[in-house]
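One structure is given below, encoded as structure tokens.
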Amino acid sequence: MRSQAFWKACQDLVQVCEAHPFVRGIASGMLPRERFAFYIGQDAFFLEAFARAYALALAKAPDRETMDAFRKLLNGVFEELALHQGYAGRWGVDLTPEPAHATRAYTDFLLRVAALEPVGHIVAAMTPCMRLYAHLGQALHPQTNPESPYREWVETYASADFEALAGQLEELLDRLPGEEQTQRALYRTAMELEVRFFDAAWGEGR
């Protein structure tokens, strides 16, 4: 399966994310509030682009079954944005910030692929985000401090519902046609951009 092969090929980047001080700070609850607030604002900007990429993928879907899959995935993005709205309401987070360089690099990449590439390549660029977050949520859940103010974040991405969405996108990656070397390169680029996104949230390379 391409989805499994591409994921295994990126384990070096997965390990960087697992050990990242931003991610570890979420689990411990010691992450400074301003860094998480910055991240939530940037992620809201990113998720709007992610939703647009899904919409473009839906428009390129070869059949009704694939269209319905993208519809469900698109709905999942709006559920994530609702979580961010909750943080914004409680902590006064700006959900329409000026995008950081890392954020803009990632959204430009996704929208360029979604606009110009076939649907099998679009899913290769989008799958890493979903699989990585499901993985991080599940890995962090048993070790997250019950008093962490970020526990809701962990529980969201550790949930069976989010795992199902990640699995659905992987199923599309395995099923839809695409040039494998191109897909592998797009997958790897997206994973590298995930690392840059966490770096920016930690305060490096904004």
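The values are calculated or read from the model by the stated rules, or taken from the named source; none is laboratory data. Everything quoted here is computed from the prediction, not taken from an experiment. Counting neighbours? That spans all protein chains shown, and the Cβs are built from the backbone with ideal geometry, glycine included. Each accessible area value is taken on the protein alone, full model and side chains, heavy atoms only, with ligands, DNA and RNA left out. Shrake-Rupley method; radii C 1.70, N 1.55, O 1.52, S 1.80 Å.
Here is how the numbers come out for the structure above:
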item	result
Residue satisfying condition, being touching a residue at least 12 places away in the same chain (Cβ under 8 Å) and open to solvent by 20 Å² or more (accessible area, probe 1.4 Å), within set T144, T189	T189
Residue tally, condition surrounded by 20 or more Cβ atoms within 10 Å (Cβ to Cβ), over 16 Å from the mean Cα position of the chain (by Cα) and under 24 Å from P99 (Cβ atoms), over the range 1-25	0
H135 being more than 21 Å from I40 (Cα to Cα) and out of contact with any strand residue (DSSP E or B) (no Cβ under 6 Å at 6 or more places or on another chain)	no
Failed item, numbered, when V123 is tested on (1) of a type in the set (A, V, I, L, M, F, W, C); (2) modelled with pLDDT of 95 or more; (3) open to solvent by 30 Å² or more (accessible area, probe 1.4 Å)	(3)
Check on M67, open to solvent by 10 Å² or more (accessible area, probe 1.4 Å) and outside any helix (DSSP H, G or I)	no
Filter result (open to solvent by 70 Å² or more (accessible area, probe 1.4 Å) and over 15 Å from the mean Cα position of the chain (by Cα)) within the range 72-88	K72, Q85
Residue ranges of helices (runs of 4 or more DSSP H) in the range 86-190 with at least 1 members within 20 Å of T66 (Cβ to Cβ)	101-116, 119-140, 160-175
